[in-house]
Amino acid sequence: MKPKYIFLAIISLTFCLYGCVESQKVVIAKSGIHYVKPQTSKDVIQGEKVKYQLWYDKDKWDIIYKGHPWYEEIEGMMKNKRVINAMAIVHKSQELFCFVKEERIPSPFKTISTVIHSQMNITNEEIRKVNGQDVLYIKGYAKRDDPPGTSNMIVLTYYLTNKSGTVTVSISTGKNLISEYESEIFSLLNGLVDPSLETPLPMDDGIESKLIKLKNMQDKGLITQEDYDKSKDKLLNKY
């Protein structure tokens with residue numbers, strides 16, 4: 001299955017959240033486990049429209065920015081589907097595919113659950129505590145095989161809602177590969193952080209804020225990638 005169609009399937013299954021009626025009958029279980037981002041996740045994606053951070057390991061994941069071999073095709077697909085404020089991420093193995101989508105509309109978990117249940121066969125659903133915030137976790141597969149091969153994919157998604165809107169982090173792989181890559185999937189999903197929380201992440205002496213400032217400087221073109229990498233390594237070596 002081509003990457004383009006994998007990303008298309010993820011969009012169709014997980015991003016059409018709005019304009020639906022909330023079901024009052026939805027009951028979502030709460031997990032008693034608290035999840036935290038891995039120590040190996042040292043690079044961060046900052047939300048543009050919605051306040052969120054997604055920490056990841058750049059040795060394992062590639063952001064599909066301009067210049068990536070898949071960029072033009074994925075960008076064209078998103079434009080055709082009128083998908084905005086989204087980015088694609090691919091695992092180095094090219095067997096895990098992730099989409100991150102921002103919507104400036106806070107969407108209740110019950111509303112999200114109602115929509116996703118209409119589109120997917122759900123195998124697991126619960127509200128998790130991830131880095132101090134409530135996140136809706138849904139795992140499932142497509143009810144329809146459209147595009148062809150979609151029903152052979154499993155999709156694992158975190159939904160985070162705060163006052164600034166809703167962010168969706170959705171990762172897909174083959175059903176036959178889920179046991180092999182489950183730890184890699186949750187390493188990325190558990191990097192999802194709500195920076196608006198009053199309780200800071202358990203990182204020492206403000207290292208998180210320093211890393212974020214560095215990343216923002218690089219994104220704005222104030223420092224080069226080389227400068228960013230050197231400064232980041234110096235910071236991390238102190239802790």
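No value in this document is a laboratory result; all are computed from the given coordinates. In this text the structure is predicted, and so the values were computed from the model without any measurement. We place every Cβ from the backbone using ideal geometry, glycine too, and count neighbours over all the protein chains shown.
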key: Sum of side-chain charges, Thr166 neighbourhood, beta-carbon under 12 Å (Lys, Arg +1; Asp, Glu -1)   = +2
ask   = Amide H to amide H under 5 Å from Lys37: which residues, 5+ apart in sequence or cross-chain, H placed 1.01 Å off N in plane?
value = Asn131
